[in-house]
Amino acid sequence: MELLRRTFIANGCIDEAAHAGLVAVSRLTPGTNILAYCVALGWALHRWAGALVAVVAASLPASLVVCVLAGALVRVQDYPIVRILLAIGVLVATVLVLASAGSLLRPYARRHALIRSTIIAVVAAVMFLADVTPVRILLLSAALGAIIGGSAQPLDTAE
């Protein structure tokens with residue numbers, strides 16, 4: 001949006017106040033902010049015709065790229081080397097996620113926080129297995145953490 005702002009302000013099409021209004025409108029609408037910004041900008045400049053051209057110009061090129069890439073993926077997936085490379089990519093991504101999770105959970109696995117963390121994890125697992133909705137699981141886990149952790153010392157995250 002910044003590039004659009006600079007370009008259209010430099011060309012004299014809009015001013016800072018109009019840009020601020022367009023940003024506010026684009027953030028209020030559901031969906032992609034940049035697409036809403038482009039449509040609002042098109043509307044501000046040329047009403048319906050501007051809005052229509054803006055939505056096509058903002059969405060059609062990316063849609064075509066996605067279609068071409070999806071078609072290519074369907075075709076290259078038949079090659080064994082591509083399947084191997086995709087499997088390696090998934091494996092690497094899984095290892096990275098697990099390593100990040102380990103780093104995030106390390107402070108909670110220390111001795112003084114282990115009992116509290118274990119209780120919360122067990123309660124959450126039981127609720128999940130009992131088919132309780134995720135929102136209720138999060139609410140009960142947060143309440144349990146607040147009750148159990150209310151008297152605990154802050155976690156020391158320093159190594």
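The values are calculated or read from the model by the stated rules, or taken from the named source; none is laboratory data. In this text the structure is predicted, and so the values were computed from the model without any measurement. Reconstructed Cβ throughout: ideal geometry from the backbone, glycine too, with neighbour counts over all protein chains shown.
Being assigned to a helix (DSSP H, G or I), surrounded by fewer than 12 Cβ atoms within 10 Å (Cβ to Cβ) and either β-branched (Val, Ile, Thr) or under 25 Å from the mean Cα position of the chain (by Cα) (or both) is a description that does not apply to residue 82. Filtering the range 1-46 to residues that are farther than 21 Å from residue 62 by Cα and part of a loop (DSSP other than H, G, I, E, B) leaves 11, 12, 13, 14, 15. Look at (1) over 23 Å from the mean Cα position of the chain (by Cα); (2) under 22 Å from residue 8 (Cα atoms); (3) polar (S, T, N, Q) and you find that residue 32 fails only one, number (1). Given the structure, is residue 114 part of a helix (DSSP H, G or I) and either outside the structural domain of residue 145 (by TED's automatic domain parsing) or over 30 Å from residue 141 (Cβ atoms) (or both)? When the stated conditions are applied, residue 114 does not pass them. Might you let me know whether the range 70-77 holds any residue that is under 30 Å from residue 34 (Cβ atoms), in contact (Cβ under 8 Å) with a residue 12 or more places away in the chain and assigned to a helix (DSSP H, G or I)? No, the conditions are met nowhere in the range 70-77. Looking across the range 1-19 at every residue that is surrounded by 12 or more Cβ atoms within 10 Å (Cβ to Cβ) and within 28 Å of the chain's Cα centre (by Cα), the one that is modelled with the lowest pLDDT is identified as 1.
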